[in-house]
Amino acid sequence: MLISGGELLFCAHHGRKFEPELKKIAAEIQDETGRLTDPPASAGDDER
């Protein structure tokens, strides 16, 4: 979420690449990279 109120969405690669500059204009940065590798909460033990 930008300080100006807008919203930008980036893939993990570009989010990391542009993070230093984004921090200067961001009100909030939400990093969901962990969702790429974490098994779903509903996954059974044999699916993890």
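Residue count for the range 1-13 under the criterion of being in a helix (DSSP H, G or I) and surrounded by fewer than 12 Cβ atoms within 10 Å (Cβ to Cβ): the result is 1. Of everything in the range 24-37 that is over 13 Å from the mean Cα position of the chain (by Cα) and in a helix (DSSP H, G or I), the residue that is nearest to residue 7 (Cα to Cα) is 25. Within the range 12-33, residues that are free of Cβ contacts under 8 Å to residues at least 60 places away in the same chain reach partners that are assigned to a helix (DSSP H, G or I) and surrounded by fewer than 10 Cβ atoms within 10 Å (Cβ to Cβ) with beta carbons closer than 9 Å, at six or more positions or on different chains, in the pairs 12/36; 29/23.
So that you can scan it fast, the table gives a plain yes or no per residue for (1) at pLDDT 85 or above; (2) in contact with a Leu (Cβ under 8 Å, 6 or more places away or on another chain):
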| position | (1), (2) |
| --- | --- |
| 19 | yes, no |
| 24 | yes, no |
| 29 | yes, yes |
| 44 | no, no |
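The values are calculated or read from the model by the stated rules, or taken from the named source; none is laboratory data. Since the structure is predicted, the reported quantities are computational estimates derived from the model, not experimental observations. As a convention, Cβ positions derive from the backbone with ideal geometry for all residues, glycine included, and neighbour counts pool all protein chains shown.
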